[in-house]
1. What does the charge add up to near S96, with Lys and Arg as +1, Asp and Glu as -1, over the other residues with Cβ less than 14 Å from its Cβ?
2. Once you've got the Cα coordinates, tell me which of K89/K233; K233/K410; K11/K89 are over 32 Å apart.
3. Give, rounded to the nearest 20 debye, the magnitude of the charge dipole that the chain has about its Cα centre when Lys and Arg contribute +1 at Cβ and Asp and Glu contribute -1 at Cβ.
4. Can you work out the Karplus-derived ³J(HN,Hα) for every residue in the range 144-149? Use 6.51 cos²θ - 1.76 cosθ + 1.60 with θ = phi - 60°, whole Hz, and x for glycine or proline.
5. Express in % the proportion of alpha carbon pairs of the range 15-133 at distances exceeding 19 Å.
6. Of the accessible area of the range 148-301, with the probe set at 1.4 angstrom, what percent is carbon plus sulfur?
7. Using a 1.4 Å probe on the protein chains only, how many percent of the accessible area of the range 308-423 belongs to carbon and sulfur?
8. Can you tell me the accessible area per residue over the range 8-116, all protein chains present, probe 1.4 angstrom, in square angstrom?
Amino acid sequence: MIFDDRVHILKDLPLCNKEYVLYWMQASQRAEHNHALCYAIKIADENNLPVIVFFAIDETYPEANLRHYRFMLEGLQDVEARLKTLGIKFIVWITSPLEGVLSLSENAAIVITDFGYLRHQRHWRRELAHSLSCPFYAVESDIVVPVQKASAKEEFSAATLRPKITNLMSFYLELPEEKSPKINSLHFGIRTVDLSNIDAVLSEMDIDRTVAPVDSFHGGTFGANKRLSHFIKKSLDFYTDERSDPSQNFTSGLSPYLHFGQISPLFVALKIMDTDSPGRDSFLEELIIRRELAINFVYYNDHYDSIKSLPPWALATLQKHNDDSRQYLYTRLEFEQSLTHDIYWNAAQNELRNTGIIHNYMRMYWGKKIIEWTNSFEEAFDIMVYLNNKYALDGRDPNSFAGIAWCFGKHDRPWKERDIFGTVRYMNENGLKRKFDMTEYVKRNSK
């Protein structure tokens with residue numbers, strides 16, 4: 001069961017009589033608990049072949065900038081070190097994924113990759129399936145229950161997906177066996193980028209440098225595991241009651257690592273399940289049900305990054321109130337620079353800009369206020385996607401797109417009707433002040 005339901009045959013051909021099994025690493029940027037890598041090793045051992053792992057640093061990756069590339073390269077350093085201990089050659093090129101994979105596939109018996117759920121990731125895999133002359137498989141490694149097994153359609157909410165995942169989950173709670181391939185591939189003399197000096201690599205790249213890297217996160221599986229251990233020891237017990245409080249720090253901080261595939265969500269789930277913490281079930285709800293609802297959303301809804309993804313009731317009520325008067329109106333630049341009248345919103349935007357994340361509760365408030373302070377909900381949606389994808393380390397992610405759409409009624413229900421929002425859920429600063437002591441949060445994110 002470890003591989004059976006996770007493997008997607010994208011091009012069904014007999015194995016070619018070539019030099020190696022090629023694993024194109026893209027979404028699952030780790031060498032630990034990686035189903036795609038383990039499957040590549042399995043196929044290689046069965047056919048007495050070595051494994052080569054390839055990663056393409058794509059300078060044109062949608063909406064990526066210096067902040068994202070540095071975090072990713074830090075993670076690739078961990079990948080390279082771990083693969084070396086396994087006797088696996090790691091090849092990194094600054095190129096497009098299509099060009100890199102096609103070039104290396106000329107000597108590949110089979111190409112195996114991980115599974116991507118976003119539009120451009122699926123496009124790459126379709127293009128390669130069309131162009132490759134060898135078999136091509138994709139393996140789901142960044143989800144607990146494979147997306148199509150969990151549901152064959154877009155789900156309305158967590159309430160409709162939860163029982164489906166719960167009924168299936170026990171079949172998939174097993175990590176793949178990790179081992180070195182029978183045949184070492186380190187002797188292959190294929191050129192590769194020198195990852196020992198990240199600054200040097202970045203200096204060669206033609207990328208957006210307007211967003212600086214952050215000190216609050218260091219990319220890689222080592223950093224992810226360290227955060228997970230700290231979270232379990234220090235925060236998990238308080239997670240249920242305190243995770244929504246912006247003045248506290250009881251969230252896991254794992255979302256950037258999950259976004260880049262630097263840690264396995266299955267591994268995280270098993271570590272959490274191995275505790276008897278009172279926060280256990282609440283965290284698993286977020287990690288598995290809510291996260292995989294987001295994956296379900298982007299996989300089955302082609303419009304996940306636009307207002308066309310919203311449910312009909314939300315579109316109708318927002319359209320009805322689109323011309324309602326607004327007390328405040330801000331431009332995208334004013335939002336970006338935290339120039340609103342609201343100290344809480346400004347603090348949230350400062351947190352995003354300066355640290356690469358927003359506290360989970362404040363992200364919802366941040367989004368709701370953008371709806372309230374723009375000329376239309378269409379403009380609000382575009383601004384949210386722009387700001388989140390530009391500054392968030394966990395941006396450009398199923399969770400991010402689902403979270404933005406949630407602000408407009410996705411995966412939610414109608415509430416009491418009011419101006420601007422119609423029957424879409426509303427949030428205000430009085431609710432923040434009533435529930436939490438916001439002084440510390442504002443102080444921490446005042447610049």
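The values are calculated or read from the model by the stated rules, or taken from the named source; none is laboratory data. Quantities reported herein were computed from a predicted structural model and do not represent experimental measurements. FYI the Cβ positions are ideal-geometry reconstructions off the backbone, even for glycines, and counts take in every protein chain you see. These area figures cover heavy atoms from the full protein model, side chains too; ligands, DNA and RNA do not enter into them. Shrake-Rupley method; radii C 1.70, N 1.55, O 1.52, S 1.80 Å.
1. Neighbour charge sum, excluding S96 itself: -4.
2. Working: K89/K233 36 Å; K233/K410 34 Å; K11/K89 25 Å.
Listed pairs above 32 Å: K89/K233; K233/K410.
3. On the way: 52 positive and 60 negative charges, 117 e Å.
Here the chain has a charge dipole of around 560 debye.
4. Going residue by residue, I get 7, 9, x, 4, 6, 6 Hz, with x marking Gly and Pro.
5. Working: 3146 of 7021 pairs.
Every Cα pair in the range 15-133 considered, those over 19 Å come to 45 percent.
6. On the way: 3780 of 7710 Å².
That share works out to 49 percent.
7. Details: 2260 of 4420 Å².
Here it works out to 51 percent.
8. 32 Å²
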